[in-house]
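Heads up, the thing below is written out as structure tokens.
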Amino acid sequence: MNYNIIKKEIEDILPNSPLEFELAHSRLTLKWLIKLKPDADEALRIAAISHDIDRAITGITEKDLKDFSKLDEFKKEHSIRSANIISDLLKKHNYSKKIIEKVKRLVECHEFGGEKESDVLKEADSLAYFDYNIPFYLKRNGIEKTKKKIKFMYDRLSGQSKKFVNDIKFNDKEVNNLVKSVINN
Ligand SMILES: [Fe+2]
């Protein structure tokens, strides 16, 4: 019951993000998470839907990153911001300390993984990105940043998921060529 309430609250917050794909991306990350790990527990599911929540609260996106070589640092800060926001939200809903700490840790690690479950979350996030985000990202950030972003999202995938991405045919021809040129390099 709590899960549906918190999910609804997160889904009400996400459309405040400057990125128009935010809510769809959250839902797709959950979809991929469940595909990769059907027995994902509540903490992992909450982490999946809220991992990028900071953008909806602070409005900070990668467009604000002037020096793209600092992407890793930016991503760490983004993860910590999101982790703190979701942890406060869970406290408000009287979640147990155990679940709050688990969600916090998962969101903090969603960009780089490191543990079994944060690896699944990282993987689901990348697959959701390839599933939906690229045309929007390209429009907002231009070709060079998009290439780097695609490379980042692809490199962190496991072999099996890479195969899946290799087989995607993107409807948008420019996006399709862009993805193929990056991942075949
Ligand atoms: Fe994400």
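Roughly how large, in nm² to one decimal, is the mean projection of the convex hull of the alpha-carbon atoms in the stretch 15-101? Don't skip to the end; give the middle numbers.
On the way: hull surface 25.2 nm².
Computing the convex hull of the Cα atoms and averaging its projections yields 6.3 nm².
Which of the lysines could be linked to LYS173 by a straight reach, that is with a Cα gap under 19 Å, when you skip same-chain ones fewer than 8 residues away?
LYS139, LYS145, LYS147, LYS148, LYS149, LYS151
Please get the size of the charge dipole for the stretch 50-131, origin at its Cα centre, with Cβ charges of +1 on Lys and Arg and -1 on Asp and Glu, quoted in debye to the nearest 20. Intermediate values should be presented prior to the final figure.
On the way: 16 positive and 18 negative charges, 98 e Å.
Here the size comes out at about 480 debye.
Rounded to the nearest Å, what's the spacing between the alpha carbon centres of the stretch 121-172 and the stretch 47-116? Just the number, please.
19
Among 75-83, 123-131, how do they line up from the highest to the lowest mean number of other beta-carbon atoms within 10 Å?
Numbers: 75-83: 18.4, 123-131: 23.0.
The densest-packed peptide leads the list: 123-131, 75-83.
When the dipole is taken about the Cα centre of the chain, and only Lys, Arg (+1) and Asp, Glu (-1) are charged at their Cβ, what size is it in debye, to the nearest 20? Working shown, then result.
On the way: 36 positive and 31 negative charges, 53 e Å.
It comes to approximately 260 debye.
Per-residue ellipticity at 222 nm for the chain, helices alone: DSSP H runs ≥ 4 residues times -39500 (n - 2.57), over residue total, nearest 500 deg cm²/dmol? Show your work: numbers first, answer last.
On the way: 10 runs with 130 residues, N = 185.
Here the helix-only value at 222 nm equals -22500 deg cm²/dmol.
Highest mean first, what order results for 147-159, 51-63, 172-184 on Cβ atoms within 10 Å? If you can, show how the numbers build up before the last one.
Working: 147-159: 16.5, 51-63: 19.2, 172-184: 14.4.
Per-residue mean Cβ counts within 10 Å order the peptides as 51-63, 147-159, 172-184.
Values in this text are rule-based calculations from the coordinates and carry no lab data. Quick caveat, the model's predicted, so the values are computed rather than measured. As a convention, Cβ positions derive from the backbone with ideal geometry for all residues, glycine included, and neighbour counts pool all protein chains shown.
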